[in-house]
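Encoded as structure tokens, the structure appears first; notes follow it.
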Amino acid sequence: MELQIKNLDKRYSNGVHALNNVSLTIPTGMFGLLGPNGAGKSSLMRTLATLQDADSGSVTLGDIDVLKDKEAVRKVLGYLPQEFGVYPRTSAVDLLDNLALLKGFENKSERKQMIEQLLVKVNLWEQRNKAVSSYSGGMRQRFGIAQCLIGTPQLVIVDEPTAGLDPGERNRFYNILSEIGENTIVILSTHIVQDVRELCTQMAVVDKGSVLFSGNTDDALLQVKGKVWEKKVTKQELAKYQDEFKVISNKLVGGQPLIHVFSEERLDGFTKAEENLEDVFFAKLNELV
């Protein structure tokens, strides 16, 4: 199954052009949607999740017209938004039971079996009777994945899922998403390059509502292969280097700026850097490739 997005456009009443002629083909597996905050990622996710209408364009999930047949989409959709609320004092098992009932699972024994499997899958079975509002951030995100998976969805959308998680919880989350992506279309919307590098073979870079790149992560790396150079400079020199070179990014290493520069030719005084998706990301945003 594929998700086909063609010429999708959305402009808000305040004039913001959130989606500008977006076209993407997303196959089964993990697909990374990478972009800075405000790039249009959440607008695209909300449109795919049937929470808002597009102005024009088309979206199909297999035989389903996503923009017109919203009820059919919701039956096969799992959605974990960036922020989601929970009822206070409601346990994980009771909340999942209510959500499963709302999704049309009326057989009590079937719901019970499904909920047990989901809570085991996300490693929350031992905490099933605790109020979800008392969960840590990582536990709450794992619960969010559990509610996503009610009914074995064909499309799962997760929006900025690892923001604020500690390394241990992030790794648990990676493992769960990777397992889901073996048989399901999973769209991971994030501004964290590491999330895409760890999980996805297919990706897109978006900014200001437009797609800057779409394809295989290996193909993305080829665009900067052998063309990224690095050098440690002083803080006082940083502005001069930014004026003279195509600086992709800079970060402090041991209190001193380490700059990555894009150049087709060897640069004296620089060392060739090992290309990574972060270089691709910033090179695309800065229109260097």
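Just so you know, all these numbers are worked out from the coordinates, no wet-lab data involved. Nothing here was measured: the structure is a model prediction, and the numbers come from that model. Cβ placement follows ideal geometry from the backbone for every residue including glycine, while neighbour counts extend to all protein chains displayed.
Relative to one another, the C-alpha centroids of region 141-164 and region 177-215 are positioned 14 Å apart. Listed by chain and number, the lysines whose alpha-carbon sits under 19 Å from that of Lys240, ignoring those within fewer than 8 places in the same chain, are Lys231, Lys232, Lys251. Among the listed pairs Lys70/Lys108; Lys10/Lys246; Lys41/Lys75; Lys121/Lys208; Lys6/Lys208; Lys6/Lys75, which have their C-alpha atoms separated by more than 28 angstrom in this model? The pairs that break the limit, which is 28 Å between Cα atoms, are Lys10/Lys246; Lys121/Lys208.
From Cα pairs below 8 angstrom and at least 6 apart in sequence, can you work out the relative contact order of the chain, rounded to a whole percent?
Values: 546 pairs, mean separation 62.8, N = 289.
Rounded, it is 22 percent for the chain.
What number, rounded to the nearest 500 deg cm²/dmol, is the helix-based mean residue ellipticity at 222 nm of the chain, given -39500 (n - 2.57) per DSSP H run of at least four residues and division by all its residues?
Details: 10 runs with 94 residues, N = 289.
So the calculated ellipticity at 222 nm is -9500 deg cm²/dmol.
Largest GNM mean-square fluctuation among Thr201, Thr28, Thr234, using the chain with Cα springs under 10 Å: Thr234. Over region 136-204, the reciprocal of the mean inverse Cα-Cα separation, the Kirkwood hydrodynamic radius, stands at 12.3 Å.
Counting only GluC sites (Glu not before Pro) that are in a DSSP loop and have at most 10 other C-beta atoms within 10 Å, tell me the longest site-free stretch of the chain. By the stated rule (loop sites, at most 10 other Cβ atoms within 10 Å), 1-82. Here the Debye sum runs over all C-alpha atoms of region 57-181 as equal scatterers in vacuum, and log10 of I(q)/I(0) at q = 0.16 Å⁻¹ comes out as -0.80.
Just how many % of Cα pairs in region 1-76 lie over 15 Å apart, if you round to the nearest whole percent?
Values: 1560 of 2850 pairs.
Beyond 15 Å sits 55 percent of the P(r) for region 1-76.
Any idea what diffusion coefficient region 205-289 gets from Stokes-Einstein, in µm²/s, Kirkwood Rh on alpha carbon pairs, 20 °C, 1.002 mPa s? Walk me through the intermediate numbers first.
Details: Rh = 13.4 Å.
This corresponds to a translational diffusion coefficient of 160 µm²/s.
Among Val73, Val120, Val93, the residue with the largest mean-square fluctuation in a Gaussian network model of the chain, with springs joining Cα atoms closer than 10 Å, is Val120.
Whole number please: convex hull volume per residue, Cα atoms of the chain, in Å³.
154 Å³
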